[in-house]
Amino acid sequence: EKRQTLLFSATYDNAIRTISKRIQTDAVSVKTTSTELPNQIKEQFYATQNKEETLIKILSEFKPDNVIVFTNTKIESKELAESLQSKKIDALAIHGDLEQYERNDVLVQFANKSTPILVATDVAARGLDIKELSMVVNYDIPHGNETYTHRIGRTGRAGADGIAITLYGSFESDKADEYQNGSREFLDESCLKGSTNFELKPQFVTLVIEGGKKDKLRAGDLLGALTGDAGLDGSSIGKIDIYDRQAYVA
């Protein structure tokens, strides 16, 4: 009987209010201040005849540390990640067809810098907590301005500068025109100076260990084993994530 129920939401529309009334009693509403600084995001739209080639040119020119590339379908996310890999650009896909353990694998590798590019659908990207994201690319124009805002809002956080790039083909020109607001740059792919002959490799690789919290495994145990018995230098060890049955070491 003595419990407190709290509800958090990035947006607070009528649907959220209905949920609040159903599960909370005499709830106090707390809102963030209106003086919060907006994300510092440079927004560019590129007209292109070949999205994949243009994407590679963008990666070559900007050389971002990490990127989320948004597609509108899970098939496209899978195919794009595989195509980039075949061109020696390290990328992993995350979409609704992945099992939870596969999803964990992908997210851990992206978070610990074992893959620089995450190709994602909107559904799969919900709730991702990825700090210091250099760039967001809309490989497909999103369905609606709200989705666009959610996508690009993942970069440029905590005072850092971010880049949000949207690609569109000739058949999407009308959709792109809807995003004209005077502050967004609309450019042609010919403006890019990057090369399509570009390789992008991760800073780390990830070691997966079949043991976790349920086995009383601790980060110190892994660090000791890798720097002791395995003979690795301590500076070579990156982020360590421990789940119930598995551990990941960058």
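The values are calculated or read from the model by the stated rules, or taken from the named source; none is laboratory data. Not measured: the values here are computed from a predicted model. All Cβ positions, glycine included, derive from the backbone under ideal geometry; neighbour counts span all protein chains shown. Ligands, DNA and RNA are excluded from the accessible area calculation, which covers all protein heavy atoms including side chains. Shrake-Rupley method; radii C 1.70, N 1.55, O 1.52, S 1.80 Å.
Listed values, structure above:
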quantity	calculated
23 Å Cα cut-off, lysine pairs counted over the stretch 133-250 (separation 8 or more, or different chains)	5
Per-residue SASA entry for Leu207, accessible area with 1.4 Å probe, Å² rounded to 10	80 Å²
In order through the stretch 47-58: 3J(HN,Hα) via Karplus (6.51 cos²θ - 1.76 cosθ + 1.60), integer Hz, x for Gly, Pro	6, 8, 9, 9, 4, 5, 4, 5, 4, 5, 4, 5
Per DSSP, loop trypsin sites (Lys or Arg not before Pro) in the stretch 6-85 with at most 11 further Cβ within 10 Å	Lys31
Spin-label proximity, Ser195 to the stretch 126-164 - amide N less than 20 Å from point 7 Å beyond Cα toward beta carbon	none
5 angstrom amide H check on Thr166, placed H, neighbours 5+ away	Gln44, Phe45, Tyr46, Asn138
List His150, His143, ordered by accessible area with a 1.4 Å probe, largest first	His143, His150
Within the chain, percent of DSSP bridges classed antiparallel, to nearest 5	15 percent
Distant-in-sequence amide H partners of Ala160 (H built 1.01 Å from N, under 5 Å)	none
Ala15 paired with Ser183, simple spin-label distance in nm, labels 7 Å along Cα-to-beta-carbon	2.6 nm
Dipole of the stretch 173-250, positive direction: furthest Cα of Val208, Gly182, Gly231, with charges on the beta-carbon	Gly231
In the stretch 136-233, the chymotrypsin sites (Phe, Trp or Tyr not before Pro) that fall in loop regions by DSSP, at most 16 other Cβ within 10 Å	Phe198, Phe204
Coil-residue trypsin sites (Lys or Arg not before Pro) of the stretch 123-212, DSSP, other Cβ within 10 Å capped at 16	Arg126, Lys131, Arg157, Arg184, Lys193
Two-site label geometry, Val28 and Leu223: point separation in nm, points 7 Å out along Cα→Cβ	3.9 nm
Inter-part distance where the stretch 43-61 and the stretch 173-250 are each reduced to a Cα centre, Å	22 Å
Carbon and sulfur %, accessible surface of the chain computed with the full protein complex present, 1.4 Å	48 percent
Over the chain, relative contact order from alpha-carbon pairs under 8 Å, at least 6 apart, %	26 percent
Whole-number accessible area per residue in Å² for the chain, which is evaluated in the context of all protein chains at 1.4 Å	61 Å²
Label corresponding to Kirkwood radius over Cα pairs in Å when calculated from the structure given, among [x] 18.2; [y] 19.6; [z] 20.5	[z]
For the stretch 8-24, 3J(HN,Hα) per residue [Karplus equation, 6.51 cos²θ - 1.76 cosθ + 1.60, θ = phi - 60°, Hz, x = Gly/Pro]	10, 8, 5, 10, 9, 9, 5, 5, 5, 4, 5, 4, 4, 5, 6, 10, 10
Sequence of Glu53, Glu43, Glu185, Glu132 when ordered by accessible area, the most exposed leading, probe 1.4 angstrom	Glu132, Glu53, Glu185, Glu43
Sequence-distant residues sharing a close amide H with Gly238 (under 5 Å, placed H)	Ala250
